[in-house]
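Shown next, in C-alpha cells, is the structure this report addresses.
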Amino acid sequence: HLAMRYLDQLSGGQKQLVGLAQSLIRRPKLLLLDEPLSALDLNYQFHVMDLVRRETAQRNIVTVVVVHDINIALRHAQHALMLKQGALVAEGQPDKVITPATLAKVYGVDGRIEHCSRGIPQVMIDGLTGPALV
C-alpha cells in the first residue's frame, strides 16, 4: 500500500521500511543500517529484524546494524560491539559483550541479564551507578 504514495506522505516508520526495501532491492554485499527500528512499533521491529537476518543468511552478505536497544542486540545479533564516546569497549558474542560490567561502564547503569521463560536474555536495569547526567 506504500508503493503509490509520495515519500512526504509517509510516517517516519513507513519511510524506514521504504528505505530498507530500497536497500535490499539493490542486492548489496554489505548492508549498513543505522537505527532501522527507531520509528517502528514492536511488531514491525521483529518483522524487520527477522527479514534482515533471513536476507543476510540467504544472500551471504555482511550486515551491520546500529541499535541503541540492547535487548534487540541480545536477541538478534551474531556479533556485537559496545562503544562509549566512539571508543570500543567490548566486542564479540552478544551474551559475552553485554554484561553488568559493560552496562555500568558504557551507560552508567546497574544492570543485569535475565532469561525469560523462553530462554531469551533480557537486560534489566536496576538503577544508576553514579550521579544522573541530567
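General remarks:
- Residue in segment 13-30 that is within 25 Å of Asn71 (Cβ to Cβ) and of a type in the set (D, E, K, R) present: yes
- Matching entry among Val48, Val18, Val67 (being over 30 Å from Arg112 (Cβ atoms) and free of Cβ contacts under 8 Å to residues at least 40 places away in the same chain): Val18
- Complete set of residues in segment 56-83 that are of a type outside the set (Val, Ile, Thr) and closer than 20 Å to Asp126 by Cβ: His68, Asp69, Asn71, Ala73, Leu74, Met82
- Answer residue from segment 36-62, given it is closer than 14 Å to His76 by Cβ and in a loop (DSSP other than H, G, I, E, B) and is farthest from the chain's Cα centre (by Cα) among those: Leu40
- Qualifying residue in segment 61-77 (condition: of a type outside the set (A, V, I, L, M, F, W, C) and loosely packed, with under 12 Cβ neighbours inside 10 Å): yes
- Residue match in segment 103-125 (condition: among the β-branched types (Val, Ile, Thr), exposed (fewer than 13 other Cβ atoms within 10 Å of the Cβ) and in the same structural domain as Ile25 (by TED's automatic domain parsing)): no
The values are calculated or read from the model by the stated rules, or taken from the named source; none is laboratory data. The shown structure was predicted, so the numbers you read here are calculated from the model rather than taken from an experiment. Cβ: placed from backbone, ideal geometry, glycine included. Neighbour counts: every protein chain shown.
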